[in-house]
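Report on the structure given below.
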Amino acid sequence: MSEAVRLLARSARPEAEIRGRLAGLHDPAELEAALALLRSRGYLDDEDWARRYVESRRGSGLGASLLVRELRARGIDAETTGRVLSGRDERAAADRAARGRLRRPGGRRGSPRARSLAAFLLRRGFACDVVDECVRALLGGELDELAGPLDAS
């Protein structure tokens, strides 16, 4: 258990990471008992960790699907991930990311600019409908020549 406490003293970590680091070093029953003790004392709280992780990534302008992948890769279960991301305003997050991208110098003009912005937002993990809505709101005048939704062009 002292190894787990030492890891947690440096920074909060999800339970899966602690379990992975200590799995080969201890008897499974002993490891489970130590993890249960740490959970009961509030040192291991995956939901709290995930909320702080998502908040720290907020400035990165990431969409829910990318955040889900990141949380799942860190061992956060689907139920906890769903609770952490519920109520998240994807449209506002996409808008922040798009505006940040548009502020960069050397932006393109016309529909290639819109496609570039849409591709950027899609890579950031935003859903197609959110991307379409966001790009049309920000670059509406530049999209007159586009016939269909951005994800189809």
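Packing, taken as the mean count of other beta carbons within 10 Å per residue, orders the peptides 30-38, 94-102 from highest to lowest as 94-102, 30-38. Structural size metrics of region 1-77, computed from C-alpha coordinates, are Rg and Dmax of 13.5, 42 Å.
To the nearest 20 debye, what charge dipole does region 53-93 have about its Cα centre, counting +1 at the Cβ of each Lys and Arg and -1 at the Cβ of each Asp and Glu? Intermediate values should be presented prior to the final figure.
Values: 8 positive and 6 negative charges, 19 e Å.
In total the dipole reaches around 100 debye.
For R83, what charge total do you get from the other residues with a beta carbon under 15 Å from its beta carbon, if Lys and Arg give +1 and Asp and Glu give -1? With Lys, Arg at +1 and Asp, Glu at -1, the neighbours total -3.
Values in this text are rule-based calculations from the coordinates and carry no lab data. As the structure is a computational prediction, the values presented were derived from the model and not from experiment. Methodologically, a virtual Cβ is constructed for each residue, glycine included, from the backbone with ideal geometry; neighbour enumeration extends over all protein chains shown.
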